[in-house]
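Remarks on the structure that follows.
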Amino acid sequence: MIRCKLVETIHPDDTQVGARVGRAVSGEMLSLGRAAACKIFLPDPRIRLEHATIRRAEDGALYLEATGPVAIDQRAQTSVRLAVGQKISIGPYDFIVEEVEDGPDKPDPRLTLSFSLRAPVAGAADAAKAGVKVGVVQGWLSRRALSWVLSLVVLVLCGAWPVWHAFQPVAPLSVPANTTAAVAAQLRAGHAAQMPATGAMPAPSTDAGRMEAQLKHWVAGHGQRLDTFWNPGAISSAHQGFAQDCRSCHDKPFERVTDASCTACHTQVGDHVSDPTIAHNTLTGQRCATCHKEHQGQAGMRTTDTVGCATCHGNIRAFTPLTAQGNVSDFATEHPAFRLSIRQRDAAHTVQRVRQTPELRNETGLVFPHDIHLADKGIKSPTGPAATGGRVVLECASCHALDAAGVRFEPVTMAKNCQSCHRLSVDPQAPEREVPHARPEVVEVAVREIYASLAVDRYPVSLTTVNSLLQRPTGRAPASQSTAAGRWVEQNSKRTFQQMFAKTNGVCTTCHAVVPEKASDKAPVQWHVPAIVETSHWLPQSTFSHAQHKNAACVSCHSAKTSKMASEILIPDIQSCRTCHAGAKPDKEKVVSQCDSCHGFHPRKEHPAFQQAALRTGAKP
Amino acid sequence: MRHRSFLEYKGYRYLKLALFLCVSAIGAYVWHRHTHFNTPGGLGYGGTLMGYALGTVAALTILWLLWLGVRKRRYGASLTMTQGWLSAHVYLGLALVVVATLHTGFEIGVNLHTLAYVLMLVVVFSGIYGVLVFLREPGRMTANMGEDDVPTLLLQIQEIDQQAARLALQLPDEFNTLVQAAAQKTRLQGSVFQHAFRTLARGCPTHRAVERMQQLNRKLKDETARQGREVQGLMLARRTAVEKIRSELRSLARLRLWLLIHVPLSFALLIALTSHIVSVFIYW
């Protein structure tokens, strides 16, 4: 236990003579510091919480151990044995050791310290005197100033200026109603080019006027560029020519782009639904831009995907309750059988769309068994080689040739595709002599002419007078001879003509369905061959192209090898397509097929601009 | 009771709210993208119904986040705690990145819309940096200062200067010059950037005094050598105190520097956001 007597000398009002105040503290250890718990409490900011300690060492002596800066007789020390007369400086306090009683034989050492505050703290003002505020110099870098500057810059460049530009009057742009799309686009492009950025500048006479004009010119040009800074995405390639000015399409501020902006150029686009009532019931509120979204990249406006179609066609009755159409949501899972556009055998050859079924037949008036013609062993032909017994093996391409666009096939004609085998000879004696492929009355005359010419060879004597108009007959042939030749021609002509039309495998009936007609009971039979009604465009609503499918064998889709009658429809059904085509969802080893893989949204109008497309997809039936 | 930081406010209440917001926004986006989305070319954009919905949520969130600047200056009694507001500010600010990114549909270009998005990102990421600074610096400041504070250290420096001046009188002139220079030309306070980039201590007279006195002391002898060492000791103590103050001010600068980005860009974002909305509806 250290017993310490503390004598403090206080100098009130800076007087030289101080008052001495004493008190006693004791403890195993005496701490000095500004902490309230310190035995020797030194209330000054320059002193540490626990600045030093006085403790009794093992040898019984008293030691001062410093943790803060302590000077003993003006020498910095960290540990010192206390001795009488020492001057201990701790911060602004000076301690003087007046008495020490310590040693190994004294368990309770005694100590007397006198101290005084040498330099009282002047207070918080000292920190300011030192020129330091607790903080950081910010200068002009205040948050408020920066906020104002940045906000104003953004406001002017991104907000106010483009808004001002958006409300500037724009020269009305008129596109004549009958202008083609290309010309209209040029017109609009020209309109954009008239903007002051590229237009000629006016040249006023005065300097002030010129300055003003230059300023307006610059402002207009750059305002336009700032305007495009608002553009949210790349313009589609076709529209880039005139899209530098937003108002080419965006007619009025705060109003959506109207269809009129689109149809000003796109004059040839048909409506999706032609019936105005259905269109009103189903498509009200739909705009061009509902599907055709601009600012979606260079290829952006062209296509829309399946999801867009299926929103209506997935539940078509909800939109048109009376429609005969089935629901279509996906080619693989929900798509009705094809409706074939079949040309009818009526007077006007009207086209009817009929749902495809396995039983559906198409009477064309033609007798044509595909299976016999495509038999593996071949088919007999007058031009066939003797080695095969006159048989020729035919392929599809022997008769069917792709059209120029590679979409469908050229029509099959008698002269081009059939007649090399199916010769129109009338007499086995003269097979090289053929009748024309024409109406029955023409054929009848031709048959007579053939036999008449044959009669010349057969009865050369009796037919000396050939042409009574050019030369007078020198003499009459004997009636018996003349009658024989005439009768021969007459009989053969009639018999052969009859055989051609009435016999089951006659020259005509091999291919044609022939109808005998009689004006009255007694009148002679008139043969009538109805025109063959050929359907050339079975699926006009699809954009099918044979050229795209040329890696597949014909018979993998068209079951021609087993078709016995021409009335059988060889257009493959939807199941046949589905063996290769998946829907929108990817399927292993199948082609993903969206709606637009086969269908278009807008029916085409006939127009020169679409001739190229018409050539590609084929003319309408 | 353990101190709970604003990040743990009410058992991470706002972290949960932010996570809920993110998950529902992502869910809605994915659902919409796979069922209703039908733009050509598959490019996403903010103009779909879902895009407008996400954009509205994001815009309202931005306005609410900005309102913190007003709320924290209201010192009157309130039903809510500012600590809770700060907690929500941090977590909802992070969730905003997710919602706004979904609103863009991942379509980025050189335009006003992307400018607003980039400003938003910079503001949020500066805020993340600010959170990190506020988690780290106060602890450092306490460790640095220990028992002292800046006014105490300044008083200590004053005392050191007096003692050093007194001792240096008996030493060669160069000692005096060094002590005077250290006392009069040492800069403690600097700009935000001088603190942030530690350029303030360049050519510091106190540092120079310590280094130079090391050399000068070798030439001194006997009694003056002892005084020289003492003066150098005082200069060492001065250097320690000076570095402590600088470290303190550096930490204060760090606590403030990020706000110079966070706050002004927030206001720029507010203007860009307004322009973005106006532009979208002017050219609808």
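Taken together, the values in this text are just the output of simple stated rules run on the coordinates, not laboratory data. The structure displayed is predicted, hence computed values, not measured ones. Glycine also receives a Cβ, built like all others from the backbone with ideal geometry; neighbour counts cover every protein chain displayed.
The mean number of Cβ atoms from other chains found within 10 Å of a Cβ in peptide B:151-164 is 6, as a whole number. Modelled label positions at A:LYS494 and B:GLU8, each set 7 Å beyond Cα in the direction of Cβ, lie 12.3 nm from each other.
Placing unit charges on each Cβ (+1 for Lys and Arg, -1 for Asp and Glu) gives chain B a dipole about its Cα centre, and among B:GLY146, B:THR274, B:ALA18 the Cα reaching farthest toward its positive end belongs to B:GLY146. As a calculated quantity, the FRET efficiency between B:ILE277 and A:HIS549 at R0 = 56 Å, using C-beta atoms, amounts to about 0.65.
For chain B, the relative contact order comes to 23 percent (Cα pairs under 8 Å, sequence separation of at least 6).
Pairs of alpha carbons in the stretch A:296-380 separated by more than 14 Å make up 78% of all such pairs.
What FRET efficiency comes out for the pair A:ARG458/A:LYS564, r = Cβ-Cβ distance, R0 = 41 Å, nearest 0.05? Computed FRET efficiency for A:ARG458 and A:LYS564: 0.45.
Counting only other chain Cβ atoms within 10 Å of each residue's Cβ, the peptide B:109-122 averages 3. With a cut-off of 12 Å between beta carbons, the residues surrounding B:ALA209 carry a summed charge of +2, where Lys and Arg count +1 and Asp and Glu -1. For the stretch B:150-253, the Kirkwood hydrodynamic radius comes to 14.0 Å, computed from all pairs of different C-alpha atoms. Working note: Debye formula, equal point scatterers on the alpha-carbon atoms of the stretch A:238-393, no solvent; log10 I(q)/I(0) at q = 0.13, 0.15, 0.18 Å⁻¹ is -0.88, -1.02, -1.23.
Just add up the charged neighbours of A:THR282: K/R +1, D/E -1, any other residue whose Cβ is under 12 Å from the Cβ of A:THR282. Write out the running numbers ahead of the final one.
On the way: positive: A:ARG317; negative: A:ASP271, A:ASP275.
So the environment of A:THR282 carries a net charge of -1.
For the pair A:ALA397 and A:SER542, a Förster radius of 30 Å applied to the C-beta separation gives a FRET efficiency near 0.85, rounded to the nearest 0.05.
Peptide A:561-567 has a mean of 0 when you count, residue by residue, the C-beta atoms of other protein chains within 10 Å of its C-beta. Based on DSSP H segments of at least four residues, each scored -39500 (n - 2.57), chain B has a per-residue ellipticity at 222 nm of -27000 deg cm²/dmol. Each label was represented as a point 7 Å from its Cα along the Cα-to-Cβ direction; for B:TYR75 and A:GLU99 these points are 5.5 nm apart. Taking 0.36 nm per residue of separation and subtracting the current Cα-Cα distance, fully stretching the chain between A:ARG439 and A:ILE10 would add 139.6 nm.
Sorting B:LEU167, B:LEU54, A:LEU49 from the fewest to the most surrounding beta carbons within 10 angstrom yields A:LEU49, B:LEU167, B:LEU54. Positive-end ranking of A:ALA337, A:THR323, A:ALA310 along the dipole of the stretch A:248-357, with charges on Cβ about the Cα centre, is headed by A:ALA337. Per-residue 3J(HN,Hα) values for the stretch B:111-119, derived from phi via the Karplus relation 6.51 cos²θ - 1.76 cosθ + 1.60 with θ = phi - 60°, read 7, 4, 5, 5, 4, 4, 5, 5, 4 Hz in sequence order (x marks Gly and Pro).
When the charge dipole of the stretch B:150-253 is built from unit charges on Cβ atoms (+1 for Lys and Arg, -1 for Asp and Glu) and taken about the Cα centre, the candidate among B:LEU234, B:MET213, B:PRO172 whose Cα reaches farthest toward its positive end is B:MET213.
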